[in-house]
Structures are given as C-alpha cells and as structure tokens.
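The next block holds one structure in the form of structure tokens; read it before the comments.
Here, each number is a calculation from the coordinates, and none is a lab measurement. For clarity, every value in this text was computed on a predicted model and none was experimentally measured.
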Amino acid sequence: MKQLFYGQIDLTKLGIIARQHPELVKEVNFKDGTHKLINVAILDNEREDRFGNTACLRASCKREFEKEGINYFLGELKPSTPKEQPAQQSKPTAQPFPINNPDDLPF
C-alpha cells in the first residue's frame with residue numbers, strides 16, 4: 001500500500017525563496033495558461049517528532065547554489081492513516097413503482 005502524507009506549506013517562506021531565488025521558478029505552459037512552478041523535495045526525518053511528523057518539505061536547490069541565511073524548509077508532513085471502510089453491503093434490487101394512472105407521480 002502507498003504511504004500517503006499530509007501537512008502544510010509555509011507560503012510566506014515559499015514567497016521569500018521565490019523572490020531571492022528567481023532561477024528556481026520555472027514558467028510552464030498548460031492548457032489553462034502559464035503557471036509558475038518550483039521543484040520541491042520530500043525528505044524522510046530520522047525519527048518522528050513530538051507532533052507525529054515523519055517527513056519534511058523543502059524547496060529543491062543544489063547545495064552549491066544555496067544562499068546564506070535562506071531557510072529552504074517549507075513544511076512538515078505526517079503519515080496519513082486512512083480509516084477502514086466498512087464492508088460494502090449489497091444494495092437491494094429496486095422494485096418498480098406501479099403506476100396505475102400515468103398522471104400520478106410516484107411521490
């Protein structure tokens with residue numbers, strides 16, 4: 001089964017990184033227009049923190065191009081534990097509603 005994660009992205013930090021590292025922002029044309037994208041990396045934490053986070057999200061930038069004083073960290077992620085779905089019950093077969101008078105509606 002795939003491991004799913006959820007978390008938050010710090011848009012303030014994302015904006016700072018995009019302004020100070022414009023070369024990380026790529027413009028890509030889609031059917032609905034041009035979108036600005038930035039590559040990200042999901043890193044596995046060595047151990048779970050006290051909030052249950054096991055991974056983090058950071059802007060993807062090669063070490064040699066990182067700038068002094070910029071934190072590339074964008075957020076933390078925790079594993080998603082989906083709730084078990086109840087077993088599917090078979091639906092009863094619908095019985096047609098007898099219409100004696102076509103002007104009468106069945107409700």
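Give the lysines whose C-alpha is closer than 20 Å to that of LYS78, dropping any in the same chain fewer than 8 places away, or say none.
LYS2, LYS13
Through the Karplus equation 6.51 cos²θ - 1.76 cosθ + 1.60, θ set to phi - 60°, convert the phi angles of segment 27-42 into ³J(HN,Hα) values in whole Hz; use x for Gly and Pro.
9, 10, 8, 10, 4, 8, x, 8, 10, 9, 10, 9, 6, 10, 10, 9
Once you compute Rg and the Kirkwood Rh from C-alpha atoms, what is the Rg to Rh ratio for segment 5-79?
Numbers: Rg = 13.9 Å, Rh = 13.6 Å.
So for segment 5-79, dividing Rg by the Kirkwood Rh gives 1.02.
Less than 16 Å apart at the alpha-carbon level, and either on another chain or at least 8 residues along: which lysines does that give for LYS62?
Cα-Cα hits under 16 Å: LYS26.
Under the rule of at least 5 residues apart or a separate chain, name every residue whose amide H is placed under 5 Å from the amide H of PHE5.
Answer set, sorted by chain and number: SER80.
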